[in-house]
1. Kirkwood hydrodynamic radius of the stretch 205-299 from all distinct Cα pairs, in Å?
2. Just to confirm my numbers, what's the Cα centroid distance between the stretch 417-448 and the stretch 526-590 in Å?
3. For labels at Arg28 and Gln16 in the simple 7 Å Cα→Cβ model, what's the distance in nm?
4. Only residues of the stretch 43-70 count here: report those whose backbone N is under 14 Å from the spot 7 Å along Cα→Cβ of Thr107, or say none.
5. Can you pick out the pairs among Lys285/Lys521; Lys334/Lys401; Lys521/Lys576 whose Cα atoms lie more than 32 Å from each other?
6. So how much slack lies between Glu135 and Ala552, counting 0.36 nm per residue of separation and subtracting their Cα-Cα distance, in nm?
7. Please give the residues of the stretch 339-355, grouped as numeric ranges, whose backbone N is less than 13 Å from a label point set 7 Å along the Cα-to-Cβ vector of Val371.
8. Subtracting the Cα-Cα distance from 0.36 nm times the residue separation, let me have the gained length for Ile166 to Asp305 in nm, one decimal.
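We did not get these values from a lab; they are worked out from the coordinates using the rules stated. None of the values given here were measured: they were computed from a predicted structure. Positions of Cβ are backbone-derived with ideal geometry, glycine not excepted, and every protein chain shown enters the neighbour counts.
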Amino acid sequence: MRSHYCGDLNERHLDQEVTLCGWVHRRRDHGGVIFLDLRDRNGIAQVVVDPDTEAAFATADRARNEYVLRIQGLVRRRPEGTVNDNMPTGAIEVLAKDVEVLNTAETPPFQLDEYGRVGEEVRLKYRYVDLRRPEMADRLRLRSRITHQLRNYLEEQGFLDIETPILTRATPEGARDYLVPSRVHDGHFFALPQSPQLFKQLLMVSGFDRYYQIAKCFRDEDLRADRQPEFTQIDLEASFVDEEDIMGVAEGMIRRIFKEVKDVDLGTFPRMQFSEAMDRFGSDKPDLRIPLELVDMGDLMSQVDFKVFSGPAADPKGRVAALKVPGGAEISRKQIDEYTKFVGIYGAKGLAWIKVNDRSAGLEGLQSPIVKFMENVIEQVLDRVDAQNGDIIFFGADQAKVVNEALGALRCKLGEDLNLYTQEWAPLWVVDFPMFEEDGEGRLSALHHPFTAPSCSAEALEADPAPQLSRAYDMVLNGTELGGGSIRIHHQEMQQAVFRVLGIEAEEQQEKFGFLLDALKFGAPPHGGLAFGLDRLIMLMTGAKSIRDVIAFPKTQSASCVLTDAPGEVSTQQLKDLHIRLRQKPQAES
């Protein structure tokens, strides 16, 4: 029905007859001549309908926004003074000879150029209208270009595209599973995969030594701007590799995508140990665009008679750290109060601060409610952060986890609020993660997942598990974790040792992971891999605020689909077929 896409027309098509199909983006009547902006997925073309073509003019006259039209006409240059440099098609227009209405449209729930005044719930309910917006179309086209590029790259590197099951069994991977009841196995359930982790390891045992997949994954967890209950993962795994091999392939892939899609050279990715990242930035995904760093003050604060500081300084699990903001003395008291509320989200009980107004004036040149408690160490504190006139210093004092999370988040917020970014893109690898993390009751859990290889022997792991490091690595870009991976365990004895450290004894090991433990006995090769969050990557590349803006049909913050009204109720017969009986809802008291 069409010869060209609207957005593809340019001066190369001058004097050509074209047929366009699309939606009326805007209609304007100027002195008897009708102008139609016709839109399709590739862009917008201006169509001119002259009253001399009576039938076409009459049809265009009754067309309204979002009508679906088919237009035949001649491409011509726009008159002098009417060229629109803001449009790729702005140098040309189409003089219509025939206009056909393929379908009418009711008034849409929101105008496509006024979506900013419409709530997200409305946009998602009428997502098929929202996706017509050029901004949304651009993002989905970019998504397609990115997946095309990464497929090409990985296949050039010898990776095979292999699908893994969607219906599997529940395994502990850090989040709740979505369960699927079985009709033919009474009382038993499948689970939707949180990742293809175990199946891709089994593919390595099978001899398919380079695997990749653009995989759908599912996690029943609380949602944030960069989380969805179902999301897309760029998944890869390879055999006979070490960390450098996998990181090299993954880095090359991301560099290729940025160069081909955005013409950006990311350069080489620096490496940073997990411990260094936490010490300097309070985060295992530091945003290196922001030139602010945390500075330890524990040794100095242990000397002050101020329990808010001296207590955490004396606690082996505590931390006292400072964050200097050059020129930050201009931050108002009201804004400091806002930052105090902000760090409270992360468990901080408060936010101490010192403004350096005139360092040469000694204590009189400092403005702060806490200086009187630290007179004996104040000069050392100022020297350690290299404080200058006009700076502000923020302090965190608590358990190390609270201080890191609070000051790490504050650092990023200050970077955004004060526009402290020193570059557009800042990638890095974070390496040498701990094997385990400890909860408040002293129990250990896998920091990544229990199939990650430790950097030590099985004997050393079981003898003293808490301080051991893993062979894991995360790729970080602008403070966002793009992807994470590790070298995997390929010896049965090591896998069993990790399970024991996690409190998973032999019977439970066999029940939940017997198939994996069996596979490791039959010649499992050394292997490792990595998984990228495709939605998160595209969110970063497009500058979108949420991954919902780069997914065609996302869920809301409450994990529901307002477009299809899912999840929904099912019939009594369906529940009976699945051997499920619902509990009666308690009656409301009258």
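1. With all distinct Cα pairs of the stretch 205-299 included, I get 17.1 Å.
2. The two parts, judged by their Cα centres, are 27 Å apart.
3. 2.5
4. Label zone hits: 64-66.
5. Too far apart for the 32 Å limit: Lys285/Lys521; Lys521/Lys576.
6. 148.9 nm
7. 353-355
8. Length gained, Ile166 through Asp305: 44.1 nm.
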